Amino acid sequence: MTAIPATLGPRTPAEARMQQLRITVSKLRRNGSAMLGLILLVIIFGAAIFAPWLSTHDIYAQDLTNRLARPSAANWLGTDELGRDIYSRLLHGGRITLYIACLTAVISAPIGLVVGMVSGWFGGWVDVVLMRVTEIFLAFPSLILALAFVAALGPSIENAIIAISLATWPPIARLARAETMMVRRSDYIAAVRLQGASAWRIMVGHIAPMCVPSVIARVTLNMASIILSAAGLGFLGLGAQPPSPEWGAMLSSARQFILSNGHVAAAPGIAILITSIAFNLVGDGLRDVLDPRHD
């Protein structure tokens, strides 16, 4: 039997990580729905980033003589109740909505990861206390909880981000706890403990890397819920404030014209729908690719 050359395998941890990354990307590319969602997200993020160059009108300029105009060559998606161009406001509104969603994910994911790892590793009374707090947050629907927090903090984009972050970290904590409890019983963790590594070093260096893929998939799936919560707060006047072109605020101002001028509400509504679907498609694909139990 011919021996396989040792050079065919990774020789360093960095090479092993790069090889695993290539395998993950290859699996993701074979997932049609995930690639569709990724293409949609690239388009949506690209439109938001280049909004100042893609927009055709000043998003705050009012023209009452042209209010509630139908889509035309001058106004591609029509105008709103104040004569402002809906297409331009939709592009700039994507910046605000995606900013809220991404910053919320950046805040909530580390909180949930740390709480879940600490709870799963130490167990005992630490686990009981942290999980009871987590269950209190989970007892309320995320939007209702976000409404309560932002009502107490005051309406603004920053407070909306804080409120949604406080409402979205508990599911991540439960996931990280389950992953930690499974990994901590592994033989290599026992070997590291025998070498004298501290609990925090084990969690940071060995458990967190095992939890991160599942957390990334969960956060991506949560993005649709985060976007809907942000739009809901904006719709109720507790998020971005007028005249800011946030999608939820645009829906709120257009709700009285839904029957007579449906295009005013259709544009932000469709934008929220497509963005949520895109994140769900990518999240499903990441869950399939990053889950080692998935064949």
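The values are calculated or read from the model by the stated rules, or taken from the named source; none is laboratory data. Small disclaimer: the values here were computed from a predicted structure and weren't measured. Cβ coordinates were reconstructed from backbone atoms using ideal geometry, including for glycine residues, and neighbour counts include every protein chain displayed. Side chains included, ligands, DNA and RNA excluded: accessible areas come from the protein's heavy atoms. Shrake-Rupley method; radii C 1.70, N 1.55, O 1.52, S 1.80 Å.
Take Val289: with every protein chain present and a 1.4 Å probe, its accessible area is about 20 Å². Charged side chains reduced to their Cβ positions (Lys and Arg at +1, Asp and Glu at -1) give the chain a dipole of some 760 debye around its Cα centre. Classify the stretch 200-295: rounded, prolate or oblate, from the alpha-carbon gyration tensor (a ≥ b ≥ c, eigenvalue square roots; a/c under 1.5 rounded; otherwise prolate if a/b is larger than b/c)? Oblate. This model, with +1 at the C-beta of Lys and Arg and -1 at the C-beta of Asp and Glu, gives the stretch 141-248 a dipole about its Cα centre of some 520 debye. Annotation: extensible slack from Val42 through Asp187 equals 48.1 nm (criterion: 0.36 nm per residue apart, minus Cα-Cα distance). The stretch between Ala197 and Leu259 holds 15.8 nm of extra length on full extension. This uses 0.36 nm per residue minus the Cα-Cα distance.
Among 67-75, 92-100, 208-216, what's the highest-first ranking by average C-beta atoms within 10 angstrom per residue?
Most protected by this proxy first, the peptides run 92-100, 208-216, 67-75.
So who's got an amide H within less than 5 Å of the one on Leu82, skipping anything under 5 residues away but keeping other chains? H placed 1.01 Å off N, in plane. Result for Leu82 returns Leu68. At 37 °C and 0.692 mPa s, what whole-number value in µm²/s does Stokes-Einstein give for the translational diffusion of the stretch 70-162, with Rh from the Kirkwood sum over Cα pairs? Value of D from the Cα-based Kirkwood radius: 198 µm²/s. Taking the charge dipole of the stretch 193-295 about its Cα centre, with +1 at Lys and Arg Cβ atoms and -1 at Asp and Glu Cβ atoms, the residue from Ile274, Leu228, Ser252 reaching farthest to the positive side is Leu228.
In percent, rounded to a whole number, the relative contact order of the chain is 24, using alpha-carbon pairs under 8 Å and six or more apart. Projecting the Cα atoms of Pro243, His263, Ser214 onto the charge dipole of the stretch 192-295, computed from C-beta unit charges around the Cα centre, puts Ser214 farthest toward the positive end. Hull volume per residue, based on the alpha-carbon atoms of the chain and their convex hull, is 175 Å³.
Here each label is just a point 7 Å from Cα along the line to Cβ, and for Thr24 and Leu236 those points are 3.6 nm apart. Ligands, DNA and RNA left out, the 1.4 Å accessible surface of the chain is 67% carbon and sulfur atoms. Here the gap between Glu81 and Trp125, fully extended at 0.36 nm per residue and compared with their Cα-Cα distance, gives a gain of 10.1 nm.
To the nearest ten degrees, helix 262-290 and the longest principal axis of the Cα atoms of the chain are 10 degrees apart.
Put simply, the Cα atoms of the stretch 171-224 extend 43, 16, 13 Å along their principal axes, the longest span coming first. Put a dot 7 Å past the Cα of Arg132, heading toward its Cβ, do the same for Trp53, and the two dots end up 5.6 nm apart. With the highest mean first, a sort of the peptides 80-87, 259-266 on other beta-carbon atoms found within 10 angstrom per residue produces 80-87, 259-266. Coupling constants for the stretch 153-158 follow from the phi torsions by the Karplus curve (6.51 cos²θ - 1.76 cosθ + 1.60, θ = phi - 60°), and in residue order they are 7, x, x, 5, 5, 4 Hz; glycine and proline get x.
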